[in-house]
Structures are given as structure tokens and as C-alpha cells.
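Accompanying notes for the structure given below.
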């Protein structure tokens, strides 16, 4: 983490002579974009003018072309993103439909909410909306709740607003993976930002996960936390080589784990037709719904007011503070933090110039009685598929958005339904590679919307052109890895004017939003 560049002059401000619109981590090259497979949705960074780090994924696609129809439009989709980063992203168009005849599947019911008695979750109701606060945090996911915890600990009068309730948004719809690094293999990150840059991002996310685990243990949040490691699987020899180089990159001061052959993967896990794997100690899983509700409870006990069912429709800043307009009334504050992730463009469409919402999709099966249970979260095929198995035997499987042609679910914001095309691709993958689990009945399906930036790094800091409006969003599919530390650092910047990572400042992308476009009312 110490190697991530920080501003010494204060948060969100460039050093003298420094271009505030560029990330120090990318000081030697511009940022590009490519489709992001990991854990679900999105575009990611690469060096412009170089071969995309994910070019190995083209080989991976070829290696499985006989197993499933792979979209040939990914390059076109990426080019469309680069040509028009401000294009309309808030659409719901998809191939969603009712479950086909013979199926009785729950849609829009994440596994993590199946046993929740009060679906509205913890927190106060809209009628309790106060007139003002020191800081208003918009969004009660893991980022918003952690920001609120640290602000409340620092003595601030904090109000957290969420249109739904803690755990009902992207956090509670995720796979609950505690995975260090980005969704790219570390060697691919190093090819874009250099070895030290890749290790800095690895260390930042490792420390962030440690902080989250510390909060869970300090406050005894019951969320099924397990840190038994993770397994990253290669679809072909090229990806296996990428895993080997990635492991070597971590040798020395970090736990590099071990490389398995395809035969070893099958013998140890029952997973078949993989070229190899990388077992990574230190990663883990948890129940993201219980985590989020637990963090909201902690924030409340520390004095923050968490209010569910309040959607912020507009935000205005003037010299006296920030005014947030909702249908339940207006609330004024000295500062405000936007932590609504992919929903930011719904507050102001101009945020869509900085981030892209993309939909991920998951399913859960009934419990397995006979098949060997996996104790680790699994990423496969450069992260295009990912899964975990619960102690009670249920398989939670996500990914395959490549099947949703031509857009790969980019720009889709409707999380109340699922893509039938993606669902069929998921079942095909399970039958081919997880044969011992293929006969398990699917009990529920759901989707979630995540947010991604053009360079693969989150947006953490002041909103450019604003003095009292901050944001912590767009963790590029790794919210449980990037979010906790970023949230703490943002809270400390608000309370004590301490520096934030310059690499994550929204100012690096500010060239895409003119001063006339700075966020305000609708």
C-alpha cells in the first residue's frame, strides 16, 4: 500500500506542475479500455498503444469455442466504449423473460436474502429524515457503511441514505469474494503499469481486505467469514503460463501460493477440462448481505443514522454546504459522500461520462449431498466464470455475460430480472466443467449492477469542481477488495484533510466533464 502514490498537498489536489487529470500510476502511458470479465461486469485498463493485457483471453475463447458459442463482438463493444464514453448507459434492454415452461425459479432474490425476515433491513424509515447533518452519505452498501463508521467514530453527525436498504444493492447481490488484486491476473496488470504498480495494487487490496476482516471481528459480525484461500483456473496453456508468471511476481515478501496442473485440479476438486490452476492462500469468502446489514448496525451504534427507502433525486452545492433533494424532503449538510456506485448517473446523468454500469448474473442450486464440496472461491477463464460452494452444499455460480450479444450486458441497469441467454450459458458451463454438480436443481437467479472506469481504478476523492461533494465508487467489480480501505481514507480526508491515493482521484478523468457539466440539480 505504501507504494501507491499519494498527494502530499491534500486530497484531490495536484502537486505543483502535475497533471491532475492523470493517474500517477499511469504516468508513462495513457489509459485504454477492455472488457472486464472478473466477477461480473466491466471494462478494464490497459496501456494505450500496446497489445491489451487480456489478449490471452482471445486464445482462451478459442480453446472453448467447441463448448459454447462465444461472442465475436467483444472488440466492437470495446471500440464503441472508447469512441463514445458518454453514450447513454442507463438502459434496461436485455433478453429478460419469465422462467421457461417447467421451471419455477425465483428472480430478483439473491441467495443472501433468502432467510431475511425484514427485507427492508436495518435502519430508520423515511419519515425520520432530519433537516441537516454534518455529512450525508448516499448509499448503504459496504463502501457507504464503512465511510459512515469511520466518520461517526471521528465525531461527525452522519446520515446514511439508501433508496433500498443495506445489503439490497450491488454489495448484497455479489458473490461475496475476498479476492486480492484486480480481476486481471497480476502479470497482466504488470504489463500495463509495471511490476511495482501491480504489486502496489495487490498490497492495497490485501490491506483493504484485512481492514474489512478487522471490522468484522472487532464487532463480531456474523457473516460466514472464511479465509481458506482461492483457486484461479486456466482454460488453456497460455492462461496457465499467465498464472505461473503471476505467482512468480509475488515471490519474496508475499505468499505466492502454488500452481496445479490440470490433472491436480481434477484430483483435488473434481473440476474438469482446465489446463491448470493457481491456489492463492489468504483470499476468502463471506455472506455479503449479512456483512452489509452488520456494518449498518455498527454505524448506527456509533451514532450514524441509517435511513432506508430514501432516494436522492438531486444534489446542489453552494458556499454554505450541500442540499440533497428527496421525495421525502430536503436535507442539508456540510459535506456529502456519493457511494451509490452504478446508480450515480441516476442522480446526475453526467456521471455516466466517468463510469459504465454493467450487469452481472448469478444462480444458486439446491444443496449437494454427494459431490465433494469446494472450500474456496473459484475464478476461471480469466474471471469470465466464478463460483463458490456453501458449507450446506449449495453451488453459487456467476458469469457468462459474454453470451449476451452484442453488448456483454454493458449499460444494462435492470437488476429486477435476468438474461435467459446468460442463464443457458451458465448451465452449459456447469455441465461441462462441474459435472458432479450439474444435476443439482437451480433454486434462484438474480443479477446485480456494478460500475467500472476506463482505467480499471476506483473513483475516490472530491468530485472535480466541488469543494464539499465527495465520491467513493466504481471499484471495478472488486468492491470488497478496494472499498473498505478507500472508504476509510475518504472519511479521514473529510475529517482531517489527510491525503488520498492520487491514482484514484476522480480528477484524473475530469477531462471528460467540463466545468459546465459539474454535478448539480437534475
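The values are calculated or read from the model by the stated rules, or taken from the named source; none is laboratory data. Treat the numbers as computed from the prediction; the structure is a model and nothing was measured. When we count neighbours, we look across all protein chains shown, and the Cβ atoms used for this are built from the backbone with ideal geometry, even at glycine.
Name the single residue that is farthest from residue 411 (Cα to Cα) among those in the stretch 468-522 being assigned to a helix (DSSP H, G or I) and modelled with pLDDT under 80.
Taking the candidates together, the pick is 502.
Taking into account only those residues within the stretch 306-346 that are closer than 20 Å to residue 453 by Cβ and crowded, with 22+ Cβ neighbours inside 10 Å, which is farthest from the chain's Cα centre (by Cα)?
Filtering the stretch 306-346 for residues that are closer than 20 Å to residue 453 by Cβ and crowded, with 22+ Cβ neighbours inside 10 Å, the one farthest from the chain's Cα centre (by Cα) comes out as 337.
Do you know which residues across the stretch 348-386 are out of contact with any helix residue (DSSP H, G or I) (no Cβ under 7 Å at 6 or more places or on another chain), at pLDDT below 90 and within 19 Å of residue 286 (Cα to Cα)?
Once the filter is applied, which keeps residues that are out of contact with any helix residue (DSSP H, G or I) (no Cβ under 7 Å at 6 or more places or on another chain), at pLDDT below 90 and within 19 Å of residue 286 (Cα to Cα), the stretch 348-386 yields 373, 375, 383.
Select, from 183, 140, 175, 165, the only residue that is over 23 Å from residue 485 (Cβ atoms), touching a strand residue (DSSP E or B) at 6+ places or on another chain (Cβ under 8 Å), outside any helix (DSSP H, G or I) and in contact (Cβ under 8 Å) with a residue 60 or more places away in the chain.
165
Okay, residues lined up against (1) closer than 30 Å to residue 249 by Cα; (2) at pLDDT 65 or above; (3) in contact with a helix residue (DSSP H, G or I) (Cβ under 9 Å, 6 or more places away or on another chain); (4) surrounded by fewer than 19 Cβ atoms within 10 Å (Cβ to Cβ):
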site: 79; (1), (2), (3), (4): no, no, no, yes
site: 82; (1), (2), (3), (4): no, no, no, yes
site: 86; (1), (2), (3), (4): no, no, yes, yes
site: 119; (1), (2), (3), (4): no, no, yes, yes
site: 129; (1), (2), (3), (4): no, yes, no, no
site: 138; (1), (2), (3), (4): no, yes, yes, no
site: 144; (1), (2), (3), (4): no, yes, yes, no
site: 170; (1), (2), (3), (4): no, yes, yes, no
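For the subset of the stretch 413-440 comprising residues that are in contact with a strand residue (DSSP E or B) (Cβ under 6 Å, 6 or more places away or on another chain) and farther than 15 Å from residue 398 by Cβ, which member is modelled with the highest pLDDT?
Out of the qualifying residues, it is 440.
Which numbered condition in (1) within 19 Å of residue 317 (Cα to Cα); (2) touching a helix residue (DSSP H, G or I) at 6+ places or on another chain (Cβ under 7 Å); (3) surrounded by fewer than 24 Cβ atoms within 10 Å (Cβ to Cβ) is the only one that residue 493 fails?
Status for residue 493: all satisfied but (2).
Would you list the helices (runs of 4 or more DSSP H) that sit entirely within the stretch 229-305 and hold 3 or more residues that are surrounded by fewer than 19 Cβ atoms within 10 Å (Cβ to Cβ)?
Once the helices (runs of 4 or more DSSP H) in the stretch 229-305 are filtered for at least 3 residues that are surrounded by fewer than 19 Cβ atoms within 10 Å (Cβ to Cβ), what remains is 237-250, 262-269.
Which of (1) outside any strand (DSSP E or B); (2) touching a residue at least 24 places away in the same chain (Cβ under 8 Å) does residue 313 not meet, given it meets every other one?
Every condition holds for residue 313 apart from (1).
Would you be able to tell me the number of residues in the stretch 431-453 that are more than 18 Å from residue 367 (Cα to Cα) and either free of Cβ contacts under 8 Å to residues at least 12 places away in the same chain or in a loop (DSSP other than H, G, I, E, B) (or both)?
The number of residues fulfilling the criteria is 1.
Determine whether residue 457 is at pLDDT 90 or above, more than 23 Å from residue 291 (Cβ to Cβ) and in contact with a helix residue (DSSP H, G or I) (Cβ under 6 Å, 6 or more places away or on another chain).
So residue 457 fits the description; yes.
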